[in-house]
1. Quick check: net charge around A:ASN326, other residues with Cβ under 12 Å of its Cβ, Lys/Arg +1 and Asp/Glu -1?
2. In segment B:248-336, if every C-alpha pair distance is counted and binned at 10 Å from zero, what percent goes to each bin?
3. Give me the Å³ per residue figure for the convex hull around the C-alpha atoms of the protein assembly as shown.
4. Label position 7 Å from Cα toward Cβ: report the copy-to-copy distances for B:LEU216 in nm, one decimal, ordered from shortest.
5. Kindly state, to the nearest 0.05, the FRET efficiency for B:ARG322 paired with B:LEU183, given R0 = 22 Å and r defined as their beta-carbon distance.
6. If you count the DSSP beta bridges with both ends in segment A:158-447, what percent of them are antiparallel, to the nearest 5?
7. What percent of all Cα-Cα pairs in segment A:2-150 falls in each 10 Å bin, counting up from 0?
8. With the crude spin-label approximation of a point 7 Å out along Cα→Cβ, what separation in nm comes out for A:ALA59 versus B:GLU413?
Protein chains: 2
Amino acid sequence: MLAGARKAFQSGAARSSQVMGELQATRDPARKSWIDSANDPHCDFPIQNLPFGVFSNAANQAPRVGVAIGDLVADLSVLHTAGLLRLPANAPQDVFARGALNGFIALGRETWRSVRVQLSSLLARETATLRDDAALRARAFVRQADATLHLPVEIPGYTDFYSSKEHATNVGSMFRDPKNALLPNWSEMPIGYNGRASSVVVSGTSVRRPSGQLKLPDQERPVLGACRKLDIELETGFIIGRGNALGEPIACEAAEDHIFGMVLLNDWSARDIQQWEYVPLGPFNAKTFATSISPWVVTLDALEPFRVAQPQQEPQPLEYLRHEGNHAFDIALEVLLRPEGAAQASTIARTNFRHMYWSMAQQLAHHTVAGCNTRVGDLMGSGTISGPTPDSFGSLLELTWNAKNPLALNGGETRVFIEDGDELTLAGWCQGDGYRVGFGTCVGKILPAHKA
Amino acid sequence: MLAGARKAFQSGAARSSQVMGELQATRDPARKSWIDSANDPHCDFPIQNLPFGVFSNAANQAPRVGVAIGDLVADLSVLHTAGLLRLPANAPQDVFARGALNGFIALGRETWRSVRVQLSSLLARETATLRDDAALRARAFVRQADATLHLPVEIPGYTDFYSSKEHATNVGSMFRDPKNALLPNWSEMPIGYNGRASSVVVSGTSVRRPSGQLKLPDQERPVLGACRKLDIELETGFIIGRGNALGEPIACEAAEDHIFGMVLLNDWSARDIQQWEYVPLGPFNAKTFATSISPWVVTLDALEPFRVAQPQQEPQPLEYLRHEGNHAFDIALEVLLRPEGAAQASTIARTNFRHMYWSMAQQLAHHTVAGCNTRVGDLMGSGTISGPTPDSFGSLLELTWNAKNPLALNGGETRVFIEDGDELTLAGWCQGDGYRVGFGTCVGKILPAHKA
């Protein structure tokens, strides 16, 4: 058993300050791993990241908890069974052998941090325990290329926000009034709505083009037909790590304590279905057919070095939405589109999470202010992340300005909305000094609609 | 073991037609129980009903599956263990010992029907097995007055519809244009939106008055404050008994096969929070603080004799929303309000589920037409059920016409919206010939808002 693991379960204040110091060390840009691929400066999964996910492989088809490191997945169930990863004595000892992270997350932040500290130590270049045990290494690692990645959490509830000022302004300009693009409530609260949790799928799952009611301009009544304006929404999502009881709001200052980590999220949207259905109760069939998330949950602990100030808020939010310090994160984001059969994807948007007007903490404080309860594993989408320039918009609707300005792709094709066979990829990472803390990708390919 | 139970698990077509015949017999108005209270013509739970729920009691605090009969709860886990209720041999045999109906429901309609047939036979006046076994009876029944009723299902997803034409017209008249009260999409599809499953609570749970952003008419900016326009919405809900796969819509004609049963549902609504937040993405904090449902799930099999035609639909719905036959149900509904300390409740509304414009089957067909998947235990709310007359509206908003016409209560008090300490009760039943198939009640008392 490692020193880090032993120390992590000492009791009292000494333990707490020791863990914080060790946690700090997990983020040391100079720390390297004995897994060479993790030290590549372009690798999304260096030793500073250690995102959690659920995987299986051909040799062991039971989904279980893993951590991405370099081009490998570390099998936490194996490391735990081997005595190299310690959980609190009073915790269920099978949480790494389960097919979703919820059980592990429910053990609480102190345990996430302890496991992070233990893993960082175990994987560090200078630690021989695992590095020099070829037999255990062979059991404890699976190549990412050989792994099947599953939905990382069971999602009891999914909420989607609408927190990019640029996105809300673009949509308001297109469909309402360019001079009053933002509705009056937008600047006062992080507008959100309930999404559909059942249809959240993991990256790599193909998505069937939806059919629904379309109101065509030349017809008096709607028709049932395949969506003609299929779109992405580039988002991130955060995963609730600690719930709140019904009737007990989460204070804005405490909200980040309730967040386990973040993923990339593609809120697939059928713009034509949405346009006809959404007044007055909001989007429904336009969104519920699929939402894709990336398989690796990047913890707030890993994102800590990339905190930045969010945009200035004017007017100053009501008191329940105020927090001190920096609550945005510098996460570079990209959208790529690859037509069926194309050798190469085209990057169609580049933006950054730091542009978001409302922080995750403000979203969660607002979500619960009237008493709504949240649960471990709940997913909260950021809303489309659009930046200030036309090449930084997070949806095709905005990038092509509702099909007015087709996008030119590599290879000569153009796009206004998504076509059958197109593969859409979201990517995101925080750029450190000589390394990056990445999210990997969130990929989905569009299958043709069912024949009517 | 009873003849009914044995027959229910014979194989093949003979079994199927036999079960259908026995199912028919469970609805025979002449059938009586040896439990006298079940034969009272005003009892909600005669032998023709047999609704499923989850209960515990002081002697056994483990929540388990029960069926309401007269003023008793039959403990299905005891009856099963005693060999009087048979499940398919290949099914998990512990489904009645679980704290939610989902496991039982997942066994499929043939099993629900078989259990219904077995129970009806076991409880029928002429069946001696249990009637004459005092020791087993003492273990197998709990008085409803001594039982704690729990949420009957774990609810993976909650969707709320908006399917009463009278309600939509009333709301449109108040807040938009009385001459064009119905939006153009309303008559073309059962408009729905995603609700929040985490805050669905069982009848009897007190509800904290929510606080949220209110935009007061005399102020430029919103304030955070306790809701001043707290309301009910009288609804029913149906529980999904068989899900559908992502990308595979449910046909309207087949939709009722996916429904396990119905409950009463109170969609508590904060009208002032709703008014300020709901454009453009729909209601959020105005609704997510609590939704109450009644504890007994009345099966579609029990409701079968009360099928009636739904209102004429004009225009004729698109083909995916068409079904032959009768798909409404004649369910009398009432809302009662009892101020704190009042001896007597006042009935403030009387209406009927048969007024609903869109059927449950149409709602489910629409919900899935774009590919959204549903899961066992999903809850689908009808939307506020308002009838054609001013005393048949399903919300205080409509009953008082947005506070213009206060309601007079017994005892001299008046109400425009709900006050602290008020207890609201929904009740519903189908009136048979000399018996009724009832839902029991859905009750909630309002606690004062937290101090700011």
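The numbers here are math on the coordinates, done by the rules we state, and not lab data. Only a predicted model underlies this, so the values are computations on that prediction, with no experimental measurement involved. Note: ideal-geometry Cβ built from the backbone for every residue, glycine included; neighbour counts use all protein chains shown.
1. Its environment carries a net charge of -2.
2. Bin by bin from 0 Å, the calculated values are 12, 29, 33, 25, 1.
3. Considering the Cα atoms of the protein assembly as shown, their hull volume per residue is 186 Å³.
4. 5.3
5. The computed FRET efficiency comes out at 0.50.
6. Values: 49 of 57 bridges.
Expressed as a percentage, antiparallel bridges in segment A:158-447 total about 85.
7. P(r) for segment A:2-150, in whole percents per bin: 11, 43, 38, 8, 0.
8. 7.0
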